Every structure is written in structure tokens, then in C-alpha cells.
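Engineer: Below you'll find the structure I mean.
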């Protein structure tokens, strides 16, 4: 199993503050507490690279992580929960939309879905928004360590049928799915 050296690059609130790089970029979309930070830490084999929290809505900026100069992952604020004002939420939405629609480095969006639950309404709404703009997207099923291995394939097929496109499992507890995900990110 190979791991890439990953490092935090910077945080940005808006497109003009994003790092100047030519690396392929993969923004993470997902509900608050779906496991975006754990996904980054798991791929990097570094438990404290991206800050994890049990409190939803902690990520407030776009956080950029460089994986051995192979690609960047952009950790975005989660959708569906935030203890902030409507004004702040509207500002995030405007800045994130500008970033997602205009950042030329983006190769594909990655939508994280919690494998323990059915696809949620706000996950489907996000997917509809992505389809409207015809953006490339894959799905990662997080928290697969809670799903019996015998049910993994059926769950992946169910989500493929519901959302379409490529669906891959992920577990932050063990690394059994990392190689397939890393190969996709490096070779996409």
C-alpha cells in the first residue's frame, strides 16, 4: 500500500485567494460530519493533517491539501448544518459556487455520502446542482467500517443506481480502499 506525502497548503474564503497551482484539484462535497477531514487524513495516512470534529459545521473556509505534488484536495464547508447566520451561509454559497464553477484546476468533484444512511435530501439537491452545470463528479461512501464487508458491493451498486457515475467505498479506520481511490486521483 502506497501513501503520498500530504501537506496543508492554505485556507481560502473565495476563488481569488486559492493557491496558484497547476495540480489537478478535487473538491470534497458533503454534509457536515460526513467524514471529509477523515477522508483526507485516511488517504494521507496522517491522523491530524485535517482537523476533525464531532461538532458539525466547523469547516468555514476552503482548505487545500497537496498530495506529493500529484493532486490537491480542497476540503469545503459541509452542507446541511451550520450554526451561523443566514448572511454567512449566503456568503459561503456565493463564494463556493464561484469556486466550483470557475476554478480551472478542478478535475472532478467528490461527493462524500455516509454509508450508514440512505442518500439524504440535501445530498440529492447537491447532485442536482452539479448536473445543472454538467460538472464531473464521483461518489465516495464514507464510514464503510460500519457496514459488513458482505454488504459492500450491494451498497455500492445501490448508490450507483441512485446517483449514477463512479462510486467507491472508503473507511477511515482501515486502509483497504485507499489504493483504488489514490489510483483514480492520480490517473484521472
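Since every read-out is calculated from the coordinates, none of them should be taken as a lab result. Owing to the predicted nature of the structure, the values given are computational and were not obtained by experimental measurement. Glycine also receives a Cβ, built like all others from the backbone with ideal geometry; neighbour counts cover every protein chain displayed.
Engineer: Which value in deg cm²/dmol, rounded to the nearest 500, describes the helix-derived mean residue ellipticity at 222 nm for the chain, given -39,500 (n - 2.57) per DSSP H run of n ≥ 4 and division by the residue count?
Structural biologist: It comes out at -10000 deg cm²/dmol, rounded to the nearest 500.
Engineer: Going by average Cβ density within 10 Å per residue, which order do the peptides 140-150, 178-188 take, highest to lowest?
Structural biologist: 140-150, 178-188
Engineer: Working out 0.36 nm times the residue gap between residue 21 and residue 98, then minus their Cα-Cα distance, what length gain in nm do you get to one decimal?
Structural biologist: Full extension of this stretch gives 26.0 nm more.
Engineer: Something else now. Given 0.36 nm per residue, what is the gain on full extension from residue 47 to residue 61 after removing their alpha carbon distance, in nm?
Structural biologist: Taking 0.36 nm per residue and subtracting the Cα distance, the gain is 3.0 nm.
Engineer: Return the percentage of antiparallel bridges among DSSP beta bridges fully within the chain, rounded to the nearest 5 %.
Structural biologist: Percent antiparallel among DSSP bridges in the chain is about 35.
Engineer: Return the single residue from 165, 35, 78 with maximal mean-square fluctuation; model: Gaussian network over the chain, springs between Cα atoms under 10 Å.
Structural biologist: The residue that fluctuates most here is 165.
Engineer: Along Cα→Cβ, 7 Å out, is where each label goes; now give me the distance between the ones at residue 86 and residue 176 in nm to one decimal.
Structural biologist: Taking the two extended label points, one gets 4.7 nm.
Engineer: Need one number: nm distance between label points at residue 186 and residue 134, each 7 Å from Cα along Cα→Cβ, rounded to one decimal.
Structural biologist: 3.2
Engineer: Rounded, prolate or oblate: pick one for the range 107-188, where a ≥ b ≥ c are the square roots of the eigenvalues of its C-alpha gyration tensor, a/c under 1.5 means rounded, and failing that, prolate if a/b is larger than b/c, else oblate.
Structural biologist: Because a/c hits 1.5 or more and a/b fails to exceed b/c, the range 107-188 counts as oblate.
Engineer: Provide the FRET efficiency to the nearest 0.05 for the residue 7-residue 161 pair, computing r from the beta carbons and using R0 = 30 Å.
Structural biologist: 0.20
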